[in-house]
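J.: Take a look at this one; I'll ask things after.
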């Protein structure tokens, strides 16, 4: 039972929960970016490059053939078009993360830059100030 209690304490820490939420949101953001690249960004780029479809760009390493027993052996393909789309996905996600971190760092610097108000004088200092002012009069 001790291990379950320890695991529960670990799992319920703020950092672990925050990390889990970040992973879920990151996964959803990755799907959005993949859809943006595949469905919105790449078709116009392909059109500008003469109507090519990046998802179909591939190099055939070994052609399809029929085996000795009559089974069909599929072609071995190097799908570099899919790789190009994935690289663009990565660049967009990395840039978005960079912008979020940059914004967080600038907010943190603003918090650190704000000077703390001077501490209020102690009772002893107040009393000494009153005595000084009384002696001046």
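The values are calculated or read from the model by the stated rules, or taken from the named source; none is laboratory data. Given the structure is predicted, the values throughout are model-derived calculations rather than measurements. Using ideal geometry, Cβ is built from the backbone for each residue, glycine included, and neighbour counts are taken over all protein chains shown.
J.: Go through 77, 52 for me and flag whichever is in contact with a helix residue (DSSP H, G or I) (Cβ under 7 Å, 6 or more places away or on another chain), outside any helix (DSSP H, G or I) and either farther than 30 Å from residue 10 by Cβ or modelled with pLDDT of 85 or more (or both). Steps first, please.
T.: Working: 77 fails: in contact with a helix residue (DSSP H, G or I) (Cβ under 7 Å, 6 or more places away or on another chain).
Result: 52 is the single residue among 77, 52 that is in contact with a helix residue (DSSP H, G or I) (Cβ under 7 Å, 6 or more places away or on another chain), outside any helix (DSSP H, G or I) and either farther than 30 Å from residue 10 by Cβ or modelled with pLDDT of 85 or more (or both).
J.: Please pick out the residue among 81, 46 that is surrounded by 10 or more Cβ atoms within 10 Å (Cβ to Cβ), under 31 Å from the mean Cα position of the chain (by Cα) and in contact (Cβ under 8 Å) with a residue 24 or more places away in the chain. Don't jump to the end; show me each part of the working.
T.: On the way: 46 fails: in contact (Cβ under 8 Å) with a residue 24 or more places away in the chain.
It is 81.
J.: Scan segment 50-74 residue by residue and report those that are within 37 Å of the chain's Cα centre (by Cα) and either surrounded by 10 or more Cβ atoms within 10 Å (Cβ to Cβ) or more than 30 Å from residue 92 (Cβ to Cβ) (or both).
T.: Step one: of segment 50-74, the residues within 37 Å of the chain's Cα centre (by Cα) are 50-61.
52, 53, 54, 55, 56, 57, 58, 59, 60 - these are the residues of segment 50-74 that are within 37 Å of the chain's Cα centre (by Cα) and either surrounded by 10 or more Cβ atoms within 10 Å (Cβ to Cβ) or more than 30 Å from residue 92 (Cβ to Cβ) (or both).
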